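The values are calculated or read from the model by the stated rules, or taken from the named source; none is laboratory data. Because the structure is a prediction, the values reported are computed rather than measured. Reconstructed Cβ throughout: ideal geometry from the backbone, glycine too, with neighbour counts over all protein chains shown.
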Amino acid sequence: MPVVAHRDAPIEPYDGADEIEAALTKVERHTMVTRHRLAATYQIAAFAEKVNLPGAFVECGTWKGGSSGMLALANLRHGTRPRELHLFDSFNDMCVPDETVDGPLAVAQARATPGLTGPLDGSLRPMTGFYTPLGGHATPTDVRTLLVESLGYIDEYVHIHEGWFQDTLPTVRRGIGEIAVLRLDTDFYAGTRFCLEQLFDLVVDGGFVIFDDYGCYDGCKQAVDEFLATLSRPIFLNHIDAEGRYIIKR
């Protein structure tokens, strides 16, 4: 969701606040995610390293790589070996929402996008110019430059998958293997539900799934709630801030 991070907001009383603040200063210009959600992402990834959860770190919706950077920095600080980072993004403007499910905020943002025409039907059609006020959409080079050149992550462990989730995930998912942390910044109903259907079964027991847009877009919330309701065992949805949530797979 394109909401600029609140760079001046304190993150206390977070455990490890000094460490997290140091990480935030390295990525905050590459993300629109709030500081609290970035801090939670770091804490979750650091925990995964400390308890040696198996699997990759996977993110669907990377923009310019700030949240991916928090995952990488947690690995560099607390891991004994590099994690495979699988990062999925269209590297285009957001696709149009589905006005029947994604809610009034999504519809209002779409209608405010200059030059947008056609139905709001959730199709894989970019809202050209949506990110222009924020400096434009990201590129794979933006993300790799941050992770490898700025943060020092090993290039061979960074796998960037460019394209709509519905096009890339079916061909890539088998090569991912187990997932320790899955972060979904997938905005609307269709993308959120699709990513859960494709990737949730790869998340290890005790692994984490982070939902960036649960409290922002109605469609994201509905997709998450519907999917969790299909599971054989109930899972508690943990609160991060007004929009962010996470679960621990059981």
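Mind listing whichever residues of the stretch 69-87 are in a loop (DSSP other than H, G, I, E, B) and in contact (Cβ under 8 Å) with a residue 60 or more places away in the chain? Full working, then the answer.
The first filter runs over the stretch 69-87 and keeps only residues in a loop (DSSP other than H, G, I, E, B), leaving 79-84.
Pro82, Arg83, Glu84 - these are the residues of the stretch 69-87 that are in a loop (DSSP other than H, G, I, E, B) and in contact (Cβ under 8 Å) with a residue 60 or more places away in the chain.
For Asn92, are the conditions met, namely being in a loop (DSSP other than H, G, I, E, B) and either of a type outside the set (Val, Ile, Thr) or surrounded by fewer than 19 Cβ atoms within 10 Å (Cβ to Cβ) (or both)?
The answer is yes for Asn92.
Does the stretch 217-225 include one or more residues that are polar (S, T, N, Q), under 28 Å from Gln109 (Cα atoms), free of Cβ contacts under 8 Å to residues at least 24 places away in the same chain and part of a helix (DSSP H, G or I)?
no
Could you please find all residues in the stretch 40-61 being buried (at least 24 other Cβ atoms within 10 Å of the Cβ) and either more than 16 Å from Val209 (Cβ to Cβ) or of a type in the set (Phe, Trp, Tyr) (or both)?
Tyr42, Phe57
Applying the selection to the stretch 181-216, what residues are buried (at least 21 other Cβ atoms within 10 Å of the Cβ), in contact (Cβ under 8 Å) with a residue 40 or more places away in the chain, among the hydrophobic types (A, V, I, L, M, F, W, C) and not in a loop (DSSP other than H, G, I, E, B)?
Val181, Leu182, Leu184, Ala190, Cys195, Leu199, Val203, Phe208, Val209, Ile210
So which of Ser68, Ser90 is hydroxyl-bearing (Ser, Thr, Tyr), touching an Asp or Glu at 6+ places or on another chain (Cβ under 6 Å) and at pLDDT 95 or above?
Being hydroxyl-bearing (Ser, Thr, Tyr), touching an Asp or Glu at 6+ places or on another chain (Cβ under 6 Å) and at pLDDT 95 or above holds for just one of Ser68, Ser90, which is Ser68.
Starting from residues that are of a type in the set (Ser, Thr, Tyr) and within 18 Å of the chain's Cα centre (by Cα), keep the ones in the stretch 16-39 and report whichever is surrounded by the most Cβ atoms within 10 Å (Cβ to Cβ).
Restricting to residues being of a type in the set (Ser, Thr, Tyr) and within 18 Å of the chain's Cα centre (by Cα), the top hit is Thr31.
Filter the helices (runs of 4 or more DSSP H) completely within the stretch 99-180 down to those with at least 3 residues that are crowded, with 17+ Cβ neighbours inside 10 Å and more than 19 Å from the chain's Cα centre (by Cα).
104-111
For residues that are among the small types (Gly, Ala, Ser) and assigned to a loop (DSSP other than H, G, I, E, B), scanning just the stretch 26-68, find the one that is nearest to Gly206 (Cα to Cα).
Gly55
Please determine whether any residue of the stretch 190-205 is within 12 Å of the chain's Cα centre (by Cα) and closer than 21 Å to Pro140 by Cβ.
Yes, the stretch 190-205 contains at least one residue that is within 12 Å of the chain's Cα centre (by Cα) and closer than 21 Å to Pro140 by Cβ.
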